[in-house]
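Please read the structure below before turning to the comments.
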Amino acid sequence: MNEQKNFSGGPGALPLAVLRQTRDAIEALPETGLSVLGMSHRSAWFRAVLDEAEQNLRTLLGIPSHYHVLFMQGGSSLQFSMLPMNFLRGTKQRAEYIVSGYWSAKAPPEARHEGPVSVVWDGYDGGYTRLPHADELPLSRHAAYLHYVSNETVEGLEFAGVPGLPDVPLVCDMSSNLLAGPVDIERYAMIYAHAQKNLGPSGVTVVILRDDFARRARGSLPTMLDYRTHIDTRSLYNTPPVFAIYVLMLVTRWLRDDIGGVAAMADINHAKARTVYGALDAHPGFYRVHAERPYRSSMNIAFRLPDAVTETLFLDAAKRDGFHGLEGHRSIGGLRASLYNAVTPEATAALAQWLTDFAQRYG
Ligand code: PMP
C-alpha cells in the first residue's frame, strides 16, 4: 500500500499503519487465528477489544468515570432523533438548537417530533459563513438542553469556544472533530460522533453520556432507542459492529502510541490547516474560502474557484495527479479539502504545493 492522498469529507482517510493491521486481521487475527469478520461479539477477544476502545477514548480525552462511553449504530443521524426522544419527550421544557450549517440544520426537525424547539441562532441567511457570538444567543436557563455542532463538515466552520449556560445540559455533535484535539468533557452532558472521520470506518457511533443526564430519560421508549439499554449492557444488547469497533480500537491505539495523544494531534492538525489556508490565501482572486476567517475549521476547508468550469478542470486534474476526495458537499458544490487526523503532513504539503501550481497555471 502506498501513502494515500485522500482528502475525502467522510468516510475519510485512516492511518496507513491501521490499514495494514486491518488487512492482516481480515485474514487472521494474531490473537485468535480467525478472521476479524467472523469473530463472535460474545467472545473474550471482543470483550477485550471493547474494553480497550473505551479505555483508550477515556485516556485520550480525559473522560471521567461518571460518563458512559457507548458504541452505537445508526450514525449521527440516529442521534438527532434519540436525543430528543430520551431528553425532550415528556418534559415541559423546550430544547434549544444552534443552526450553523447543513448538519446542525438536520437536528431540530427531528426534535420537533418530540416536543417544543427553539432555534436560538440560524446562519442560513448569511449562507452559513460564520458562527454566533455568545451575545447573539438568547438562551434560557430552563431549556431541556442546548444542541450544537462543533465543526460544520460541509461549510468548514469550527467553534473555537464552547457556547451555552452552565446549568443547561449541553449536547454536541462532534462527528467531524472528535479526537482532533483536547475537549473539556465536563462542560457537556452528552457528546456524540460517528466514527468515519477521525475514529475509524463507518458503522459505529461513539456516545459519551454523563450518568445523571442519562438517568433523566423518561417514559417508555423502544428498547434499542433508549440510552439506558446500551448503558446497562455496556454496548452489548445486540450484535454491535464488531469490525468497525475493532478498527476504531486500532485508531485510538495509533493516536495514543504513534502520535502521543490529542494535544500533539491538535498541533499537527493546526500546522496542516495553516499550510492549506496559506496556499489558498496566497491567491485571493482565484481561491475563495467559504468560511469567514475567525471561524475557519482545521478539519474541513470549503472553497471555490472563479467559475464552475475551472472547478471541474480542478477536480479532473487533481484526480489525475493522485489527489482524491476534493469535491465539495452536494448541498453547496465547490471544493473541499478535509484534513482529518490520518491525513499526513506530507500529503497536506503536497496538496498545498499542487494548489499553488494550479493557481499559477490557471489563475
Ligand atoms: N453530523 C455531522 C457533523 C456530519 O458531518 C454528518 C455526516 N457527515 C452527520 C452528522 C450525519 O452522520 P451519519 O451519516 O453518520 O448519520
Fill in: Whole-Å distance, taken between Cα centres, linking the range 209-276 and the range 63-77
5 Å
Discussion item. Out of the trypsin sites (Lys or Arg not before Pro) in the range 240-334, which ones are loop residues according to DSSP with at most 16 other C-beta atoms within 10 Å?
Written reply: ARG330
Fill in: Axial C-alpha extent at least 15 Å, average Kyte-Doolittle at least 0.0 - helices from the chain (DSSP)
75-87, 242-254, 262-281, 308-320
Discussion item. Could you identify which residue out of GLY200, GLY12, GLY181 has the top mean-square fluctuation in a GNM of the chain using Cα springs shorter than 10 Å?
Written reply: GLY181
Response to the item:
Length gained, ARG228-ALA264, 0.36 nm per residue minus C-alpha separation, equals 9.5 nm
Worksheet, complete the sentence: Restricted to pairs 8 or more residues apart or on different chains, the lysines in the chain with C-alpha atoms under 26 Å apart form a number of pairs equal to 8
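Which length gain, in nm to one decimal place, applies between ILE26 and SER202 when the Cα-Cα distance is subtracted from 0.36 nm times their residue separation?
Stretched out fully, the ILE26 to SER202 stretch lengthens by 61.7 nm.
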Item to complete: Could you pull out the GluC sites (Glu not before Pro) across the range 1-37 that fall in loop regions by DSSP (anything but H, G, I, E, B) with no more than 15 other Cβ atoms inside 10 Å?
Response: GLU3, GLU31
Item to complete: Determine the relative contact order of the chain: mean sequence separation of Cα pairs under 8 Å and six or more apart, normalised by residue count, in whole percent.
Response: 23 percent
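Near ALA342, within a Cβ-to-Cβ distance under 13 Å, what is the net charge of the other residues, with Lys and Arg +1 and Asp and Glu -1? Numbers along the way, then the final one.
Numbers: positive: LYS5, ARG20, LYS197, LYS272; negative: GLU3, ASP258, GLU346.
Here the charged neighbours net out to +1.
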Practice prompt. With N denoting the number of residues in the chain, provide Rg(C-alpha) divided by 2.2 N^0.38 Å, to two decimal places.
Written response: 1.00
Worksheet item: Which whole-number percentage describes the relative contact order of the range 261-362, with Cα contacts under 8 Å and a sequence gap of 6 or more?
Response: 32 percent
Worksheet item: Can you pull out the trypsin sites (Lys or Arg not before Pro) in the range 63-153 that DSSP calls coil and that have at most 10 other Cβ atoms within 10 Å?
Response: LYS92, ARG141
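Each value in this text was obtained by applying a stated rule to the coordinates, not by laboratory testing. The structure presented is a predicted model; accordingly, all values stated were derived computationally and were not measured. So basically every Cβ, Gly included, is an ideal-geometry build from the backbone, and we count neighbours across all protein chains shown.
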